[in-house]
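Worksheet: the structure to be examined is printed underneath.
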Amino acid sequence: MSRRGAPGIAPWVLSLSLLAACTPVRSPNMEFGRPAPRADGEDRGVAAGADVAAAAAAITEASVRRQLDALRASVGGSGSGEAGPAAMAEHIVEEFRRLGLQPLGGVNGPMEPGPATRVSLERDSVRLRFASGGRGVMLRYGADYAAAPGGGPVDARAMFVGGADRAAADLPSAAGDVPVIRLNAPPADVEGWRDVVRRLSVPAARAGAPALVVVLDQGFDGSKLPDVSVALAGPVGDAAPIPVFFVRYQAAERVLRAAGVDPDVLAADPSSALPLKSLRVQAAAPAQRVVVGHDIVALLPGGDPARSREYVVLRAAYRSAGPDASRAANATDASGTAALLEVAAAFARVRRPPARPVLFLAVARAGAPDEPPRPDSLAAALRHAVAVIDLQADAAHLDTPDLARLARRVFLDAERLSRPAPGRPAVTPP
């Protein structure tokens, strides 16, 4: 499992739409959030240790399977679109309520989890046209080119600047022109394509370019372009600073010939930007914000007022909708959330509250399988947590017995982190 944080790191201040509290979980011998009274002479350390051990032992293969079945059933009839992730989010909220967890803002906090958004290409508005001498060539999205969202519309002169490596390291001033770049080795996976967008669009935008055209190698397999189009369209965390268009060599060759330009120019590495006669780029790849799910936050309050802002954070991601998600994707992505709910249930069984507050985050993630959960609203707060345990990476693809073992281990680790050693000074709030 992934862990981060150490004592002494500045505490966490978090602002996010939170889930509501319900009636606290009680036992005949306790009040939620307060130590239970004990008989005189009882060894409290031994009793507390036995309490924690019993809570961990209650995480079993059967209990994990129940969580998984409930999560999968929550999206069973909803299909893709907004209904599926909303149903799963509602189930997670109800589980946190049932366990007596609270909103971060207190028992009167808002009931609904806040929406998480990502950036997606506005596909109905994407266009790429090349014009020269009163004539134009309109390329077909998904067949001739793929696009990364970044804005528009653009109507500017095209300038060839050479290979991608040189363009990333030393792009000449564009001064409002659209750089045309040659990409010799197309990436092999989704993250590779997104990395090319980041690596090339930032220097191009700094050089004053309103857009970027990347011509793919002649050997690029055109049958892969529809998949590249879907991957670049999003949803993703952030839009590129300018729109980026990846054009098949064969389409670029057709455009250049129509403009009276020798396609062999694409093999050159000019020392300065090379005008492509009167060729102009008329394009748009606008970005839109789409709701892909809900980031859900629940709090188990700590019992030590001096440590009230020293959060121990447990996090997992659940598959949200996006335009291409499905019930199967939601079900596949339920493992981390099931483990998170099991850990929360174990904490609820322990009669003695932790010294430090424990935050449980069920974070919405975008539809693409390898899009990491990167909620902007939490990024700054997570940097200041005393400890963060991310269950997602280890929970994925585990069978049920291993998932139960993972949840027990995470619970014991988090429980230990929530009770700093006696005498350890509290972290001073800023």
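Name the one entry in 290, 261 that is within 32 Å of the chain's Cα centre (by Cα), at pLDDT below 90 and surrounded by fewer than 23 Cβ atoms within 10 Å (Cβ to Cβ).
290
Residues that are polar (S, T, N, Q), more than 30 Å from residue 93 (Cα to Cα) and part of a strand (DSSP E or B) within segment 255-296 comprise 278, 282, listed in sequence order. For residue 313, indicate whether it is modelled with pLDDT under 85 and among the β-branched types (Val, Ile, Thr). Taking the combined requirement at face value, the residue does not satisfy it.
Tell me, please, whether a residue that is polar (S, T, N, Q), in contact with a helix residue (DSSP H, G or I) (Cβ under 9 Å, 6 or more places away or on another chain) and more than 14 Å from residue 183 (Cβ to Cβ) can be found in segment 268-283.
No, that holds for no residue.
Which of the following residues is in contact with a strand residue (DSSP E or B) (Cβ under 6 Å, 6 or more places away or on another chain) and modelled with pLDDT of 90 or more: 412, 340, 391? Every option except 340 fails the conditions.
Out of 149, 179, 113, one residue alone is crowded, with 18+ Cβ neighbours inside 10 Å, at pLDDT below 90 and not small (Gly, Ala, Ser). It is 113.
Among residues of segment 129-145 that are under 20 Å from residue 217 (Cβ atoms) and assigned by TED's automatic domain parsing to the domain that holds residue 251, those with a Cβ under 9 angstrom from a residue that is part of a loop (DSSP other than H, G, I, E, B) and modelled with pLDDT under 90, sequence gap 6+ or separate chain, pair up as 130/259.
The values are calculated or read from the model by the stated rules, or taken from the named source; none is laboratory data. Every value quoted in this text rests on a predicted model; they were computed, and no experiment measured them. Positions of Cβ are backbone-derived with ideal geometry, glycine not excepted, and every protein chain shown enters the neighbour counts.
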